[in-house]
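Inspection log for the structure reproduced underneath, given as structure tokens.
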Amino acid sequence: MCGVSYAAVAVAGAKRTLPSGADLAPAVPPPSAPSVQPAPPPPGGFRWAPPAPGFTDLVAQAEPMSRLDGLVWALQAKCETGDAMEQRQCRKVRDSRQRSLAGQLMLIDAPAGVLSTQPFDGKTRSVSWRLVGCVSCDGIEIEGQRYQVFAGDAVVTIPPVAAVVPPVPAKPSKPIKPVKGRKPPVAVPVVPAVVIEPLAVEPPTIASSERVFRDEAAAQAWLKKAAHARAQFLVRIPEPANWQYGSKQGISLELVSYRVWAPCDGTVLMASDTVTKGPVDSEACQGDEVTTSVVVAPTDRPTSEVARIMSTAVIAAQECRRPPTQIGVAKLRMTIEGDGTISKYAQTGDFVGTPLATCIDKAVAALKFPGGRLRTTVSYPIMLR
């Protein structure tokens with residue numbers, strides 16, 4: 001019974017609270033700010049909406065957060081040491097830092113090990129991978145307390161409660177002779193001890209899937225890049241951000257976007273949205289071959305126009321992939337004539353020889369670009385994540 005009560009109290013007592021004085025409410029625009037009314041749809045009911053900003057657009061607005069201890073201090077500091085004046089100054093600095101972080105988009109470099117992979121499976125021609133939201137899983141110590149930091153909500157595992165065996169009366173080692181005028185002794189029950197493991201708190205899984213390859217050599221090349229991969233998280237501070245489960249406590253940040261890339265050549269391995277390339281670090285190559293971006297012939301055809309027309313092929317690829325979790329990159333190269341027709345086309349990448357590649361080829365064959373341009377050679381990757 002004690003074990004059941006302990007587990008119930010531990011879960012019910014889980015809390016996410018902010019220190020006193022925290023003010024993480026988002027900034028409210030001034031009353032004089034003009035309200036923007038959506039434009040009425042054109043005849044026919046269709047209205048093109050611009051795509052939501054991706055990682056590349058958002059990272060320009062983010063504040064790099066290189067010192068996580070300062071972030072944790074702003075959210076967890078109690079300011080209870082020193083004299084009264086020192087405590088007031090501490091609270092003033094803490095509260096000011098909290099207000100400056102409220103609603104702020106932050107860029108955080110994830111630690112090594114957030115991406116885990118499994119060996120190549122020859123039967124499915126795939127590699128399983130998993131990305132976790134670990135910002136500081138070992139924790140950061142502030143004022144004698146250690147706080148874990150996650151991108152996303154913490155995952156709490158409740159330990160199983162051991163079964164309680166009914167009490168068994170203890171048998172005396174020797175027979176007890178009854179004594180005239182005295183009651184026989186009462187056997188003392190033996191209560192078995194119930195051992196309860198502490199709650200397990202782990203970082204959340206951001207994404208997990210299987211990536212399909214054309215052969216084992218391609219899979220091993222990808223695994224080699226994944227072994228040295230780097231990851232970045234774009235996060236905000238939610239309200240509340242702090243959590244405590246049993247004796248463990250920490251901070252869960254709101255994950256806005258992420259990217260994982262190979263630093264040797266900038267190849268994006270996985271991302272929450274379309275990211276063409278990551279930062280290149282030539283010192284991280286370690287003998288790997290550095291790939292270069294495809295050269296596009298001089299043209300007056302804007303990139304936005306190509307992306308708009310190619311979105312049809314992207315949608316077809318998303319609808320044709322089986323299973324729905326199938327991921328990889330289809331690398332398309334085509335020559336677009338001045339009248340908008342496609343004269344040359346080739347597909348390479350992870351899906352060649354599969355029904356998904358055939359589906360993409362059919363979608364591209366049906367495309368028609370606007371005319372009145374110069375001949376253009378375009379390389380267009382379709383990344384399925």
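According to the calculation over all Cα-Cα pairs in segment 46-123, the P(r) per 10 Å bin from zero is 14, 27, 23, 19, 12, 5, 1 %. Values of log10 I(q)/I(0) for segment 303-384 across q = 0.18 Å⁻¹ run -0.69, by the Debye formula with one identical scatterer at each alpha carbon and no solvent.
Its residues counted as N, segment 308-349 yields a C-alpha radius of gyration over 2.2 N^0.38 Å of 1.36.
Put in order of Cβ neighbour count within 10 Å, fewest first, the listed residues TYR258, TYR245 become TYR245, TYR258. Normalised by the number of residues in segment 303-384, the mean separation of alpha-carbon contacts (under 8 Å, six or more apart) gives a relative contact order of 42 percent.
Across the cross-link table entries LYS123/LYS225; LYS225/LYS362; LYS224/LYS277, which are compared at the Cα atoms, the separations over 27 Å belong to LYS225/LYS362.
Where a number appears in this text, it was derived from the coordinates with a stated rule and is not lab data. If you're wondering where the values come from, they're calculated on a predicted model, not measured in any experiment. A quick note on method: Cβ atoms are made from the backbone with ideal geometry, for glycine too, and the neighbour counts reach across all protein chains shown.
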